[in-house]
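Student: Next up is a structure, given as structure tokens.
The values are calculated or read from the model by the stated rules, or taken from the named source; none is laboratory data. What you see is a predicted model, and the numbers here were worked out from it, not measured in a lab. Ideal geometry is used to build each Cβ from the backbone, glycine not excepted, and the neighbour counts take in all protein chains shown. What goes into the accessible areas is simple: the full protein's heavy atoms, side chains included, and nothing from ligands, DNA or RNA. Shrake-Rupley method; radii C 1.70, N 1.55, O 1.52, S 1.80 Å.
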Amino acid sequence: MTWLQVRLCPSVMSVSALLRCTSRSQRQQAMAFLVQQRALSAAEAVNALRPFYFAVHPDFFGQFPREREVNENSLKQLNGYMENLQKPDLKLVRPIKLTFYIRDTKESSEKQPGFVSSGFRSVSFILHTNDILSTVMNVLTSCSLPVEHIERHEKSFGTWKTGPDGGESFHRPIKWDKSYYTFTGFRDPEQELQQTKRMEPTLHGWLRNSEPEATKKHNASLPRREELSRLKKELCEKFLLADIRWQRSWGVAHKCSQLQSLTRLSHQNPEDLINLQGHTVVFADQSDMNASGDVMLGTMDVHHQWTKLFQQLPSYRSLQQQTDWLKERISCLLGGSQVIHLGPVQPIAEHYSTLNAFHKSLMSRCLHLHPRSLHGLTMVLDNDRSTPNLHEMGHFIIPINCDPLKLQLFLQSQAPEARSRTLQRHQLQVEEEAVVQLCVQRLSLRGLSKEHSLSSSQMILCCRRLIEQHPPLLQGLHVCVSHFYSVMQDGDLCVPWDWKS
């Protein structure tokens, strides 16, 4: 078969025909052409993945910070993987393992196994595809999402054909024989996948390679860490702040620049910061007061916007008092259960609006719940849900438009399970605090933290294994338990919670 025949009839290309191309360069050109026939553009890939993005986008997980962060990290890795696939000089990308939390969307004709009571399920899969179309198909099928729109795209490019007996069509690309990789010089993706699974680094091996870099960066960051501690202490003492925090995991230099900016404003107009007394300041994406009463300062905002927020704090405090009153009224109507808010970013005005709408809904019907029958239990109000659920951590997830009588039956029936899960969560939190302190002492760490996406059970397991293995190269460093290995810009070490020994 000649190169011209390949171009004229790519849909009937076979292994034997490909290998009969007269030269190695022609075989490589033929293969590249076949792959090109199945290619999706970047825009087409985004459009094809819409059901996936709708199911996993972090913005839909605002009430679940652990699941939100897992999806954020996995989306970054997926985007990097697909960007690499579009590089013309890259023959093969290394396989990666991804984990996503999938929302129960309308695209699923029926609930898939693995859904937890909060309305989403965890899915893990390995990507080892070498073109955009196969990657999109892999992602959608792994998440049990529809692929009909992709199949229509494939048919339009002739990647489906009828069998010799006129039967059902089959899907390209075919599974190449091992001899194909010998002739073309391409690397076998199945072999790469197996090597990736076998070659996952061990903790001790990774520390041997990464500890010198981490120590160098950590030592270089010490002056900045001292400056950060000094600035934070001075601002808290001068304006009687409850605390200063950060919404995101910015580096020490970035945090210092934010505190320096607030310090300059305090020197220029000290009277503007008087209203901050007693509040916690959170450097975040936008300037506002959040549902917890913390003052959020947008890191991209100028001093004028911060000053305007400081001047509005008295009215915000009045709104916070009304919010607290609504929470008390709702608690009285619902057996003593408390409304909580997960995540620090919801503005206080939005939170008040949600509480007010929910309170009006409850007042429309007469509920018969004992005043203390649900005491000690918590609930989260969710604008996006239509039915109430019980989260795995023990708090109720309640839609604001839920029918009051149906809500009463749900709360009464699920209260025993909620108490059991809440008790288990508290026990795990106590155990986690103890094992973290022990791990810091035994390994002589400067600090030990975890990503919000990790559960207490995962952190406990990781710390126990660290204590047992006692890796000496961690001494004197800051360690963050995460889902991956990394050396951060300030020398902090990220290690996966399920690291291999």
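Student: For the subset of segment 229-248 comprising residues that are within 29 Å of the chain's Cα centre (by Cα) and in contact (Cβ under 8 Å) with a residue 40 or more places away in the chain, which member is most open to solvent (accessible area, probe 1.4 Å)?
Tutor: Applying the filter and picking the extreme gives 245.
Student: Find all pairs meeting these conditions: Cβ atoms under 6 angstrom apart; at least six residues apart or on different chains; first residue within segment 413-435 and of a type outside the set (Gly, Ala, Ser); second residue outside any helix (DSSP H, G or I).
Tutor: 414/390; 421/394; 422/394; 425/393; 425/394
Student: Of everything in segment 232-260, what is assigned to a helix (DSSP H, G or I), closer than 27 Å to residue 69 by Cβ and of a type outside the set (D, E, K, R)? Give them in sequence order.
Tutor: If the condition is that a residue be assigned to a helix (DSSP H, G or I), closer than 27 Å to residue 69 by Cβ and of a type outside the set (D, E, K, R), then 252, 253, 254, 256, 257, 258, 259 are the ones that fit.
Student: Has segment 285-301 got at least one residue that is assigned to a loop (DSSP other than H, G, I, E, B), in contact with a helix residue (DSSP H, G or I) (Cβ under 8 Å, 6 or more places away or on another chain) and free of Cβ contacts under 8 Å to residues at least 40 places away in the same chain?
Tutor: Taking every residue of segment 285-301 in turn, at least one turns out to be assigned to a loop (DSSP other than H, G, I, E, B), in contact with a helix residue (DSSP H, G or I) (Cβ under 8 Å, 6 or more places away or on another chain) and free of Cβ contacts under 8 Å to residues at least 40 places away in the same chain.
Student: For segment 369-396: of the residues being out of contact with any Phe, Trp or Tyr (no Cβ under 9 Å at 6 or more places or on another chain) and within 16 Å of residue 357 (Cα to Cα), which is least open to solvent (accessible area, probe 1.4 Å)?
Tutor: 382
Student: Let me ask something else. Filter segment 418-431 for residues that are charged (D, E, K, R) and either assigned by the TED database to the domain that holds residue 391 or out of contact with any strand residue (DSSP E or B) (no Cβ under 9 Å at 6 or more places or on another chain) (or both) and give the result.
Tutor: Scanning segment 418-431 gives 419, 425, 431.
Student: Residue 105 is checked against (1) within 21 Å of the chain's Cα centre (by Cα); (2) farther than 23 Å from residue 394 by Cβ; (3) at pLDDT 65 or above and fails just one. What number does that condition carry?
Tutor: Looking at each condition in turn, residue 105 falls short on (3).
Student: Checking residue 369 against (1) within 20 Å of residue 330 (Cα to Cα); (2) not in a loop (DSSP other than H, G, I, E, B), only one condition comes out false. Which one?
Tutor: Result: residue 369 fails condition (2) only.
Student: How many residues are buried (at least 16 other Cβ atoms within 10 Å of the Cβ) and assigned to a loop (DSSP other than H, G, I, E, B) if we restrict to segment 302-350?
Tutor: Going through segment 302-350 one residue at a time, the tally reaches 10.
Student: If a residue has to be of a type in the set (Asp, Glu) and buried (at least 17 other Cβ atoms within 10 Å of the Cβ) to count, how many in segment 466-501 make the cut?
Tutor: Qualifying residue count for the region: 2.
Student: Inspect all residues belonging to segment 440-463 and state whether any of them is of a type outside the set (A, V, I, L, M, F, W, C), in contact (Cβ under 8 Å) with a residue 12 or more places away in the chain, in contact with a Lys or Arg (Cβ under 8 Å, 6 or more places away or on another chain) and surrounded by fewer than 18 Cβ atoms within 10 Å (Cβ to Cβ).
Tutor: Within segment 440-463, one or more residues are of a type outside the set (A, V, I, L, M, F, W, C), in contact (Cβ under 8 Å) with a residue 12 or more places away in the chain, in contact with a Lys or Arg (Cβ under 8 Å, 6 or more places away or on another chain) and surrounded by fewer than 18 Cβ atoms within 10 Å (Cβ to Cβ).
Student: If you take the residues of segment 404-438 that are among the acidic types (Asp, Glu) and more than 19 Å from residue 336 (Cα to Cα), which of them is nearest to the chain's Cα centre (by Cα)?
Tutor: Per the stated criteria, the residue is 432.
Student: Within segment 333-366, restricting attention to residues that are at pLDDT 90 or above and charged (D, E, K, R), which residue is nearest to the chain's Cα centre (by Cα)?
Tutor: So, considering only residues that are at pLDDT 90 or above and charged (D, E, K, R), the one nearest to the chain's Cα centre (by Cα) is 350.
Student: Residues being closer than 21 Å to residue 342 by Cβ and open to solvent by 10 Å² or more (accessible area, probe 1.4 Å): count how many of those fall in segment 256-281.
Tutor: Total satisfying the criteria: 2.
Student: Another question, then. If you check every pair at least six apart or on different chains, which have Cβ atoms under 7 Å apart with a residue in segment 377-390 that is in a strand (DSSP E or B) first and a residue that is of a type in the set (D, E, K, R) second?
Tutor: Close Cβ pairs (under 7 Å, with a partner that is of a type in the set (D, E, K, R)) amount to 390/417.
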